[in-house]
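Inspection log for the structure reproduced underneath, given as structure tokens.
The values are calculated or read from the model by the stated rules, or taken from the named source; none is laboratory data. Computed from a predicted model, the values in this text were never measured in an experiment. When we count neighbours, we look across all protein chains shown, and the Cβ atoms used for this are built from the backbone with ideal geometry, even at glycine. Calculation scope for accessible area: heavy atoms of the full protein, side chains included, ligands and nucleic acids excluded. Shrake-Rupley method; radii C 1.70, N 1.55, O 1.52, S 1.80 Å.
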Amino acid sequence: MRSSEEGVVNLDKLTYAGNLHNLASVQGDARHVFVQGDIGDSALVQRLLAEHQPRAVLNFAAESHVDRSIHGPEDFIQTNVVGTFRLLEAVRHYWQALPAIEKEAFRFLHVSTDEVYGTLAPDAPAFTEEHTCEPNSPYSASKAASDHLVRAWHHTYGLPVLTTNCSNNYGPYHFPEKLIPLMIVNALAGKSLPIYGDGRQVRDWLYVTDHCSAIRRVLEAGRLGETYNVGGWNEKPNIDIVNTVCGLLDELRPRADGQSYRAQIAYVKDRPGHDRRYAIDARKIERELAWKPAETFDTGIRKTVQWYLEHADWVANVQTGAYRDWVQTQYQSQAESPST
Ligand code: TYD
């Protein structure tokens, strides 16, 4: 942000993973305006743009859980593809009518994922921004489609866009359907820790505040029309992640029976079309914009586990009826498989 007084209009639909409790720290701050709504609601977006005259629009809005996209892809097409298209159109009309100086300074920043690049063999070089786009899940295909729309709005209409493709985020306030928060929450609840397939799939892990600092930096100094990969330089197999989480819980909140939380690990049927490995080459953002992650995996995962231990009330709040229904649908369809 340019000045500490600059405001933020936060447009969020508050679907199952959204939660007003997450905004408690900015409640009462006049610089933050919360609006419940959909990026695909053109009339609403047009009204907000006219009213608040932003110097930038950042698109974080997305359906993002691969397993949900397998069970029901429609919402992913609506929010990620149609929503981004409508947002781009509303922003384009607003931007075209801006006075020359504001028009020049305006930015549209689109937040995307490394999953658009597809999967990597174990020894293949990490994804660079030049990697071909080969999405494999309904989720990643919908994000790839939105990335293409953003690119086209730059080339066709000259909209000043920037795109970031990040690796797997983790940290506080992460909805407990994704691997790390799910494992922490399940472990503490005495439930099983479901590992898909052999647990040797590899992801790169990026602490959430590092992702935020990268986005700020790209917004500030990124070259128009460019994409920037954002990664944590933390490639790890899922089973190592789960073992690390268990080890931290053993230290910070030991089980009453003295056993390790590792005893709760259960191998289950693999996700269909499961990408084997993602890895981000984040050298472009380092070279051009001098951005590097501040956290190592060790520091980030410890902070994350500690945060969940201190926020049992937050966890209880997000585990609504809808959350319970999802857990039931997803994990009953993945009958436990023999240990691999
Ligand atoms: P996830 O957090 O869903 O992110 P993504 O699929 O976008 O990378 O999953 C991270 C990895 O963990 C992925 O390889 C799937 C695996 N996984 C499990 O083994 N068990 C689980 O219960 C979940 C949610 C994920």
> What list of ³J(HN,Hα) couplings, whole Hz, do you get for the stretch 225-230 from phi and the Karplus terms 6.51, -1.76, 1.60, once you set θ to phi - 60° and write x for glycine and proline?
Replying inline: x, 8, 10, 10, 7, 10
> Between C166 and residues 5 or more places away or on another chain, which pairs have amide H atoms under 5 Å apart, with H built 1.01 Å from N, and which residues are they?
Replying inline: S112, T113, D114, V230
> Roughly how many nanometres apart are two label points built 7 Å out from the Cα toward the Cβ at R283 and K191?
Replying inline: 4.2 nm
>> Whole-Hz ³J(HN,Hα) for each residue in the stretch 135-144, computed from phi via Karplus 6.51 cos²θ - 1.76 cosθ + 1.60 with θ = phi - 60°, x for glycine and proline: what do you get?
In response: x, 10, 10, x, 4, 5, 5, 5, 5, 4
> W291's amide H: which non-local residues (gap 5+, or another chain) put their own amide H closer than 5 Å, with H modeled 1.01 Å from N in plane and none for Pro or chain starts?
Replying inline: E286
>> My understanding is that a pair violates if its Cα-Cα distance is over 28 Å; which of K236/K269; K13/K284; K236/K292; K13/K292; K269/K303 do that in this structure?
In response: K13/K284; K13/K292; K269/K303
>> For the chain, set up a GNM with springs between Cα atoms under 10 Å and report which of P172, P237, P254 has the largest fluctuation.
In response: P254
> For the chain, what relative contact order do you get, as a whole percent, if you take Cα pairs closer than 8 Å and at least 6 residues apart?
Replying inline: 18 percent
> Quick one: helix 297-310 against the long Cα principal axis of the chain, what's the angle to the nearest 10°, folded into 0 to 90?
Replying inline: 80 degrees
> What 222 nm value per residue comes from the helices of the chain, counting each DSSP H run with n ≥ 4 as -39,500 (n - 2.57) and dividing by all residues, nearest 500 deg cm²/dmol?
Replying inline: -12000 deg cm²/dmol
> With r defined as the distance between the Cβ atoms of I101 and E220 and R0 fixed at 22 Å, what FRET efficiency is calculated, to the nearest 0.05?
Replying inline: 0.80
> What FRET efficiency do you get for K303 and A50 if R0 is 41 Å and r is their Cβ-Cβ distance, rounded to the nearest 0.05?
Replying inline: 0.50
>> Can you give me the long-range amide H partners of I195? Hydrogens built in the peptide plane at 1.01 Å from N, cutoff under 5 Å, separation of 5 or more residues or another chain.
In response: A266, Y267, V268
> Treating the beta-carbon of each Lys and Arg as +1 and of each Asp and Glu as -1, no other charges, what is the dipole magnitude of the stretch 8-317 about its Cα centre, to the nearest 20 debye?
Replying inline: 180 debye
> In whole Hz, what ³J(HN,Hα) sequence does the stretch 29-42 give by Karplus (6.51, -1.76, 1.60; θ = phi - 60°), x for Gly and Pro?
Replying inline: 8, 5, 6, 10, 10, 9, 10, 7, x, 10, 4, x, 8, 4
>> For a quick check, take a GNM of the chain with Cα springs below 10 Å and name the residue from Y139, Y267, Y228 with the largest mean-square fluctuation.
In response: Y267
> By the scheme Lys and Arg +1, Asp and Glu -1, what is the net charge of all other residues having a beta-carbon under 12 Å from that of S42?
Replying inline: 0
> Using a 1.4 Å probe, how large is the accessible area of R324, given in Å² and rounded to the nearest 10?
Replying inline: 140 Å²
> Say we join alpha carbon atoms closer than 10 Å with springs in a Gaussian network model of the chain; which of A256, A100, A221 then has the biggest fluctuation?
Replying inline: A256
> the chain: percent of C-alpha pairs farther apart than 27 Å?
Replying inline: 47 percent
